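Asker: Could you have a look at this structure, given as C-alpha cells, before my questions?
The values are calculated or read from the model by the stated rules, or taken from the named source; none is laboratory data. Keep in mind that what you see is a predicted model, and the values were worked out from it rather than measured. Please note: Cβ atoms are built from the backbone with ideal geometry, for glycine as well, and neighbour counts cover all protein chains shown.
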Amino acid sequence: MMATTHAFVGLALASAVAAVAPELAVPAAVGGAAGGLFPDLDLVGAHRKTLHYPVYYSVLAVPAAAWAALAPGALSVGAALFLVSAALHSASDMFGGGLELRPWEGRSDRAVYVHPIRTWVRPRRWVRYDGSPEDFLVGALFAVPALVTFDGRTRSLVLAALAGSLLYTALRKRIVEWAPEWIE
C-alpha cells in the first residue's frame, strides 16, 4: 500500500484520541502519521524487512498504550500512536501486493518479513498493489476522520497527501516505464 495510506491510518487513530483528549491532538497526529510512514523508510534497504516489524512493534505498542492510558501526555500518546501505527503498517502490508517492480503481475510470494520466525508472509493481494485504485480508496476512507477532526495545517497536509496519492495512482504503472533499467 502507499505510504500515504499508512499515514492516513495513523491519523485516523489520532482522530479518535483527539475526540477524547483534544489537548493531545497534535502529538497524536504526529505520532500516528510518523508511525504510519516510518516502516517505508526501508525502501533504500531490504524493503519490508529492514524496518517492517509486525511482531516487535505490536509487542512494544502494548506497554506504550498502557503508558499513554495511565499517564496521558504528549510523549506517551505520541509514542503509543507511533508504535501502533508502525505495527499496523507492517502487518497490513501482507494485504497488498508482493515485493516486485510490477506488483500487478503477481509474481512475488513475499509481502512482509516476520523476524521471530524468520520467514516471509505471502501477499494476500486484497489491495492488488501500491497505487492501485483500491489503495487510493482505502487511503481516502482513512483520511476522512482526519479531515473531519483537524483543521488548519493538518487538514491542508491531508488534502495535499490525498492529491499526491491520486496523482501517484494515475501514474503508478507508467512510473515503472520511466524508471531507469538498473532498477529492474
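Asker: Please go through the stretch 128-150 and pick out each residue that is more than 16 Å from A12 (Cβ to Cβ), of a type outside the set (F, W, Y) and either touching a residue at least 24 places away in the same chain (Cβ under 8 Å) or assigned to a loop (DSSP other than H, G, I, E, B) (or both).
Answerer: Restricting attention to the stretch 128-150, the residues satisfying the condition of being more than 16 Å from A12 (Cβ to Cβ) are 128-134.
If we keep only those that are of a type outside the set (F, W, Y) as well, we get 128, 130-134.
Those that are more than 16 Å from A12 (Cβ to Cβ), of a type outside the set (F, W, Y) and either touching a residue at least 24 places away in the same chain (Cβ under 8 Å) or assigned to a loop (DSSP other than H, G, I, E, B) (or both): R128, D130, G131, S132, P133.
Asker: Now, a different point. Give S92, S76, S156 a once-over and let me know the one that is under 30 Å from A16 (Cα atoms) and touching a residue at least 40 places away in the same chain (Cβ under 8 Å).
Answerer: On the way: S76 fails: touching a residue at least 40 places away in the same chain (Cβ under 8 Å); S156 fails: touching a residue at least 40 places away in the same chain (Cβ under 8 Å).
Checking each option against the conditions leaves just S92.
Asker: Has the stretch 92-113 got any residue that is within 30 Å of V26 (Cβ to Cβ), in a helix (DSSP H, G or I) and among the hydrophobic types (A, V, I, L, M, F, W, C)?
Answerer: yes
Asker: Determine which single condition R124 fails, assuming it passes every other condition in (1) of a type outside the set (A, V, I, L, M); (2) assigned to a helix (DSSP H, G or I); (3) within 18 Å of the chain's Cα centre (by Cα).
Answerer: Tallying (1) of a type outside the set (A, V, I, L, M); (2) assigned to a helix (DSSP H, G or I); (3) within 18 Å of the chain's Cα centre (by Cα), R124 fails exactly one: (2).
Asker: Which members of the stretch 9-52 meet the condition of being among the hydroxyl-bearing types (S, T, Y) and within 15 Å of H89 (Cα to Cα)?
Answerer: Our first condition is that a residue be among the hydroxyl-bearing types (S, T, Y); within the stretch 9-52, this holds for 15, 50.
The one that is among the hydroxyl-bearing types (S, T, Y) and within 15 Å of H89 (Cα to Cα): T50.
Asker: Related question: In this structure, is V77 assigned to a helix (DSSP H, G or I), crowded, with 18+ Cβ neighbours inside 10 Å and modelled with pLDDT of 95 or more? It would help to see each step written out before you state the result.
Answerer: Values: assigned to a helix (DSSP H, G or I): yes; crowded, with 18+ Cβ neighbours inside 10 Å: yes; modelled with pLDDT of 95 or more: yes.
The answer is yes for V77.
Asker: Scan the stretch 6-55 residue by residue and report those that are among the aromatic types (F, W, Y) and touching a residue at least 60 places away in the same chain (Cβ under 8 Å). Walk me through how you get there before you give the answer.
Answerer: Going residue by residue through the stretch 6-55, those that are among the aromatic types (F, W, Y) are 8, 38, 53.
Listed by number, the residues that qualify are F8, Y53.
Asker: Restricting attention to the stretch 39-62, and to residues there that are farther than 16 Å from D130 by Cα and of a type in the set (A, V, I, L, M, F, W, C), which single residue is nearest to the chain's Cα centre (by Cα)?
Answerer: L51
Asker: Only one of (1) surrounded by 14 or more Cβ atoms within 10 Å (Cβ to Cβ); (2) part of a loop (DSSP other than H, G, I, E, B); (3) at pLDDT below 95 fails for P72. Which number is that?
Answerer: (3)
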